Every structure is written in structure tokens, then in C-alpha cells.
Amino acid sequence: MTPYQQILVVLCLILEAVLLVLAFIKHRVSICYFFFIYLVFVFVSDSAYATLLMFKIGARQFYVGKEFCLDVIKIGMALELNHKIFKYYPRVRRSNLFGIIGATIFFFIYHWLTPQKNLDWWFSIPSDVHSKILQATCISFLFMSGSILFYRLQITGAYKFLILGFLVSQLPLALGFAIVAAFGQKARIPLSYFNSAFFLLALIVWIRVYFADD
């Protein structure tokens, strides 16, 4: 890693640790259990990945596995948030669930219609699949956000900042992985800066999750 990448990684790890501490101090883990699991997994996996990079041992395989595990957690987060935010709006909750199912169908059709053609790099296929999963997940969150705005629902500040932070980090991330899938290894370093910068911004937004009024 370059010195600038190391600085971004350290800043992200510090903010991740702060968020985990705040979750316990404020007794707000239950806001979204999958979000807390996401934060724990990100903190542990980022620490492990940075260590593997230093010793140059199995970093590639670990990174791919880490990203796909995070995809599963994000899907769980979408389902949990849909249940909690729209608990008193069953029709809206059901329509959002159909939106999540639609996003899943979209992923499979999209992946089938646009197979990865650039195979000159070890990360070409994983980045392509990961990008499409991220896009489908973002569609699910955008669908929920649209429901909140369309029906003018009153939700707690914590959920507003949680969804905002997710979209701030994941929309650019989906774009970044799509770019690296298309352009290959030469886009790797710019992608790293791009993703880290937006994730750092999301972490700052997420701090408000544990300080927002109910």
C-alpha cells in the first residue's frame, strides 16, 4: 500500500472502532443488528487484510471472500431495515419486499446478459459479479428510500443517517467495481482511493446514527 492508502485505512479503522464503542455506550446495537454485524465484520476483516498485505500472504483470496461475505450481510441489513422501518406500514413493507426480490431477479438477468469479457486479471470476474450485487443491493435501498419520500413517512433520525451513509458508500463502490471490472488492473489503485474516500465519508455520516434523536 502507498502511504496515502495507509492513512485512509488507519482513519477508517479508527472510525470503525469509534462506531462500535458508541453502539455499546449508547445501547443502540438493536437499531439494526445486521448493521452492527457489518461494522464488526468490516473492522475485523480490514485489520486482517491490512496485516496480510504487509506480509504478502493470501491477501487476494481473503479480499474476495471478505467482499462477498459483506454482500450477504448487506442483503440481511436491507431485509431487517425493511421490517423495522416499515413495521407499522405493512403494505409499504410488502411492496419494498417485492422491490428487493425484483432487485435479485435484476441481478441474475443483468449478470446473464452482460458476462465479463475482460479476463486478463485475477480480479476481473469477482469484481464484475461484486459490482452487480452491489448495484442490486443499492436498488433495494433506493426503493426503500423512495417509499419513505413518496408516502412522507416519519422515521427516526438514526434510520435516515443509516440509509444515507449506506448509499453514500455503496453507490460509488458499485461504480468503482464496475470500472475496475471494465479496465482491469490499471484501475486498481485509483479504485482503492475512490472506495476508501467514500467509505470514510459514510463512516462519518454513520456516527450520527448513534447520536440522532429517536
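Of all the criteria given as (1) more than 15 Å from the chain's Cα centre (by Cα); (2) at pLDDT below 90; (3) in a helix (DSSP H, G or I), the one not satisfied by Ala178 is (1). For the residues Leu79, Leu39, the requirement of being within 23 Å of Ile207 (Cα to Cα), touching a Leu at 6+ places or on another chain (Cβ under 7 Å) and modelled with pLDDT of 95 or more singles out Leu39. For the criterion of being free of Cβ contacts under 8 Å to residues at least 60 places away in the same chain, exposed (fewer than 14 other Cβ atoms within 10 Å of the Cβ), closer than 16 Å to Asn195 by Cβ and over 16 Å from the mean Cα position of the chain (by Cα), Val10 passes.
Of all residues in the stretch 23-33, those being buried (at least 17 other Cβ atoms within 10 Å of the Cβ) and not β-branched (Val, Ile, Thr) number 3.
Annotation for the stretch 159-171: no member residue is modelled with pLDDT under 90 and either farther than 30 Å from Phe24 by Cα or not acidic (Asp, Glu) (or both). Scanning the stretch 163-206 for residues that are polar (S, T, N, Q) and surrounded by fewer than 17 Cβ atoms within 10 Å (Cβ to Cβ) yields a count of 1. For the stretch 147-168, the set of residues classified as without any contact (Cβ under 8 Å) to a residue 12 or more places away in the chain and under 13 Å from Ile85 (Cβ atoms) consists of Leu149, Gln154, listed by residue number. Among the residues in the stretch 121-131, are any in contact with a helix residue (DSSP H, G or I) (Cβ under 8 Å, 6 or more places away or on another chain), at pLDDT below 95, within 21 Å of Ile204 (Cα to Cα) and not hydrophobic (A, V, I, L, M, F, W, C)? No, the stretch 121-131 contains no residue that is in contact with a helix residue (DSSP H, G or I) (Cβ under 8 Å, 6 or more places away or on another chain), at pLDDT below 95, within 21 Å of Ile204 (Cα to Cα) and not hydrophobic (A, V, I, L, M, F, W, C). Restricting the stretch 39-50 to residues that are crowded, with 16+ Cβ neighbours inside 10 Å and small (Gly, Ala, Ser), the residue that is farthest from Ile163 (Cα to Cα) is Ala50. Of all residues in the stretch 28-55, those that are in contact (Cβ under 8 Å) with a residue 24 or more places away in the chain have Cβ atoms under 7 Å from Cβ atoms of residues that are outside any helix (DSSP H, G or I), 6 or more apart or on another chain, in Leu53/Met1.
The values are calculated or read from the model by the stated rules, or taken from the named source; none is laboratory data. Worth saying up front: this structure is predicted, and the values here are computed from it rather than measured. Note that we place each Cβ from the backbone using ideal geometry, even for glycine, and neighbour counts take in every protein chain shown.
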